[in-house]
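Comments concern the structure below.
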Amino acid sequence: MISRSISTAASAFTALLISACGTESDEVVFEMQAQSFANSEWSSPENLAAINSPFNEQAPSLAPDGLSLYFGSNRPRLGGSTDTDLWVSHRSCRDCPWGTPANLGPVVNSSVGDNGPSLSLDGHLLFFTSARTGVGLNDIYVSRRANPKDDFGWGPPVPLGPGVNTTAFEAGAEYVQSAEDGAENFYFNRGPSQGAQDIYVASITRDGATRGPAELVAELSDLAANDAAASVRTDGREIFFGSSRIDGAGGLDVWFSLRGSVHDPWSAPENLAAVNSAASDQQPSLSSDGRTLLFASDRPGSIGGTDIWMVTRTPSGH
């Protein structure tokens, strides 16, 4: 059990992280976050049984306040369809149980596959990938809401611009909203739908508009492997992603990389051995406070074909 003092400190840290808004404040918070997780250790993976079903649950994303969990699932929806939709579960407090997942509904979901939800830090933007008619095999869309606490207040999705969407397959959206305006702050994967994809980065505005063409993140992309679903720590100095590159524990593993600042290249990716198994472990998603990592896995102990699992870490490894 984590002590009350650590829990209180973590809550205070999270509040500071969310409330920081100026450049100077951001720099202070980012430095605190980078130091907080040096030499930290991960807990044993835990199956989120309250969320999972006999069907596939994948691509989890925690809301910034930690009270809503968005994910993709092919569990039956109204009418009996089992195309993947976006779902959400809510809880009343961080230590409260998760509620029964609910479908986000027809405003957001379409009659084809919608998956890979990812929320902005301010809670106003929801990015996801969809097979609905667009410019390519799958495109990335964004939906907006006025109230960041309303899980069902999302407006009609619109596709991101040509700087992100192409005739290829785009998915795995991750918006690092804390990055300075105009910087490369939007990560995603691009490639053939059933082949080796790579990680790209683009620049978008705070209202979700693209600024120019995306660029390959060469240091994170193994051209012979499938690299996808990046998740970046709020300070922009740590990144997690799924990859089929060699020297892993299974078909897909979670890998991570670090950098000294948002202007530096990423370090050589390392396998996150504490999380991975001989099964496929993928689609990692880091919470806004940097302490919780959700991911999808079909490892033994899963309720369905693919389940959502969770690990946590304590600041400074304590």
- [ ] Give me the Kirkwood hydrodynamic radius of the range 227-309, using the inverse of the mean 1/r over all pairs of distinct Cα atoms, in Å to one decimal.
- [x] 13.0 Å
Open item on the list: Which one, Gln177, Gln197, Ala228, projects farthest toward the positive side of the charge dipole computed for the range 135-288 from Cβ point charges (K/R +1, D/E -1)?
Closed with: Gln177
Open item on the list: Between the range 172-251 and the range 40-112, how far is it from one alpha carbon centroid to the other, in angstrom?
Closed with: 22 Å
- [ ] Using all C-alpha to C-alpha distances in the range 165-305, build P(r) with 10 Å bins and read off the rounded percent in each one.
- [x] 12, 43, 34, 9, 1
Task: Candidates Ser111, Ser244, Ser297, ranked by Gaussian network fluctuation over the chain, Cα under 10 Å, top entry - done: Ser111
Open item on the list: I want to verify the translational diffusion coefficient of the range 260-305 in µm²/s; compute it with Stokes-Einstein, Rh as the Kirkwood radius over Cα pairs, at 37 °C and 0.692 mPa s.
Closed with: 254 µm²/s
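Rounded if a/c is under 1.5, else prolate if a/b beats b/c, else oblate: with a ≥ b ≥ c from the C-alpha gyration tensor eigenvalues square-rooted, which is the range 124-183?
Taking the square roots of the gyration eigenvalues as a ≥ b ≥ c, the range 124-183 is oblate.
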Open item on the list: Quick check: net charge around His124, other residues with Cβ under 12 Å of its Cβ, Lys/Arg +1 and Asp/Glu -1?
Closed with: +1
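Accessible area, 1.4 Å probe, largest first: how do Trp87, Trp42 sort?
So the residues, ranked largest to smallest area, are Trp42, Trp87.
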Task: Value in Å of the Kirkwood radius, where the range 36-113 supplies the Cα pairs that are averaged - done: 13.9 Å
Task: Calculated [θ] (222 nm, deg cm²/dmol) that DSSP helices of n ≥ 4 give over the chain, each run adding -39,500 (n - 2.57) - done: -3000 deg cm²/dmol
TODO: Please report, in whole Å, how far the alpha carbons of the chain spread along each principal axis, starting with the longest.
DONE: 49, 44, 41
Open item on the list: Using all alpha carbons of the range 153-216, what is the percent of pairwise distances in each 5 Å bin, ordered from the shortest bin to the longest?
Closed with: 4, 18, 29, 24, 15, 8, 2, 0
- [ ] Pull out a ≥ b ≥ c, the square roots of the eigenvalues of the alpha-carbon gyration tensor of the range 59-191, then state rounded if a/c is under 1.5, prolate if not and a/b is larger than b/c, and oblate in the remaining case.
- [x] oblate
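The values are calculated or read from the model by the stated rules, or taken from the named source; none is laboratory data. The structure presented is a predicted model; accordingly, all values stated were derived computationally and were not measured. FYI the Cβ positions are ideal-geometry reconstructions off the backbone, even for glycines, and counts take in every protein chain you see. Note: areas computed on protein heavy atoms with side chains; ligands, DNA, RNA excluded. Shrake-Rupley method; radii C 1.70, N 1.55, O 1.52, S 1.80 Å.
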